[in-house]
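For reference, the structure is listed below as structure tokens.
Please treat every number below as a calculation from the coordinates, not as lab data. Predicted model, so just to flag it, every value in this text is computed and none were measured. When we count neighbours, we look across all protein chains shown, and the Cβ atoms used for this are built from the backbone with ideal geometry, even at glycine.
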Amino acid sequence: MGEAEAKITGWELIGPAVEKGVNYRRYRHSCGHHQEIARANMQTERVCCGGCGIGWATAPSFIYCMRFGILHMPHMIKLGFSRNPRSRLHHQLMCSPEIGGTILLTASMPTGRTAQSLEKRMHGALKRTHPDAIIPPEQYREHLRVKSEIYEARLETTILAMLNQFGTGTDPSV
Ligand SMILES: [Zn+2]
């Protein structure tokens, strides 16, 4: 799992943390700076380099909508944000090669902070309007490295329509 965590663009896993606790690992940024980063933050890409100052909050980002197909289960939809949705999909989210994952749409955001706040608002709206479409984490915990906010496939159209309002990075008509 450590390897998957380190696949975020620009960061390379070096080994266990020396100064901080067991929840941290030591990483090297592409600028050469070494830093101990909480595994949870690496998993969710909430990382800022203390050497060069490049961080998730100020760097360009994307809100994405993904569809997952897990054997013997109905499709699931994930809404989230990432600096690199493709890398997040292939190197972080899926726990085994039998899981089929597809990026349906991405909307480019000027910064991670903007992406995070819009994503939060979208989740809030979806929870209010479709509380029964939120899939309990027990159902996907073994398959996806995600803690919450996975929806039933019937919300796909709704989520794509919301994303389209922001303008998209993949739809050539915008
Ligand atoms: Zn750096």
TYR140's amide H: which non-local residues (gap 5+, or another chain) put their own amide H closer than 5 Å, with H modeled 1.01 Å from N in plane and none for Pro or chain starts?
none
When you take every Cα atom in the chain, what is the radius of gyration, and what is Dmax, the widest Cα pair distance, in Å?
16.5, 50
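Per 0.36 nm of contour for each residue apart, how much would the distance between ARG86 and ARG113 grow if the chain were fully extended, relative to their Cα-Cα spacing? Mind dumping the intermediate values first?
Working: separation 27, 0.36 × 27 = 9.72 nm, distance 1.94 nm.
Additional length available on full extension: 7.8 nm.
Hey, fewest Cβ within 10 Å first, where do SER108, SER61 land in order? Show your work: numbers first, answer last.
Values: SER108 14, SER61 27.
With the sparsest Cβ surroundings first, the list reads SER108, SER61.
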Quick check on the exposure proxy: order CYS31, CYS49 from fewest to most C-beta atoms within 10 angstrom.
CYS31, CYS49
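Pairwise over distinct Cα atoms, reciprocal of the mean inverse distance: report the Kirkwood radius of the stretch 73-161 in Å, one decimal place.
On the way: mean 1/r = 0.0725 Å⁻¹.
Kirkwood radius, the stretch 73-161: 13.8 Å.
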GNM on the chain, Cα springs under 10 Å; top mean-square fluctuation among ALA115, ALA107, ALA59 goes to ALA59
Determine ³J(HN,Hα), in whole Hz, for all residues of the stretch 59-71 in sequence, where each value follows from phi through the Karplus function 6.51 cos²θ - 1.76 cosθ + 1.60 and θ = phi - 60°; x replaces Gly and Pro.
7, x, 8, 9, 8, 10, 10, 10, 10, 10, x, 10, 3
What value does the stretch 2-43 have for Rg/Rh, both radii from Cα atoms and Rh as Kirkwood defines it?
0.91
If you filter the stretch 83-155 for trypsin sites (Lys or Arg not before Pro), then keep DSSP loop positions with at most 13 other Cβ within 10 Å, what is left?
ARG141, LYS147
Quick one: what do you get for the stretch 1-96 if you divide its Cα Rg by 2.2 N^0.38 Å?
1.16
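Considering the convex hull of the alpha carbon atoms of the stretch 23-63, report its projected area averaged over all viewing directions, in nm², one decimal. Numbers along the way, then the final one.
Numbers: hull surface 11.9 nm².
Computed as one quarter of the Cα hull surface, the answer is 3.0 nm².
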Pick from GLU98, GLU36, GLU119: which is most flexible by mean-square fluctuation in a GNM of the chain where alpha carbon atoms under 10 Å apart are linked?
GLU98
For a quick check: with amide H placed at 1.01 Å from N, whose amide H comes under 5 Å from MET109's, ignoring anything fewer than 5 positions away on the same chain?
SER61, PHE62, ILE63
Would you mind telling me which residue in VAL22, VAL47, VAL146 has the biggest mean-square fluctuation in a Gaussian network model of the chain, where springs connect alpha carbons within a distance under 10 angstrom?
VAL22
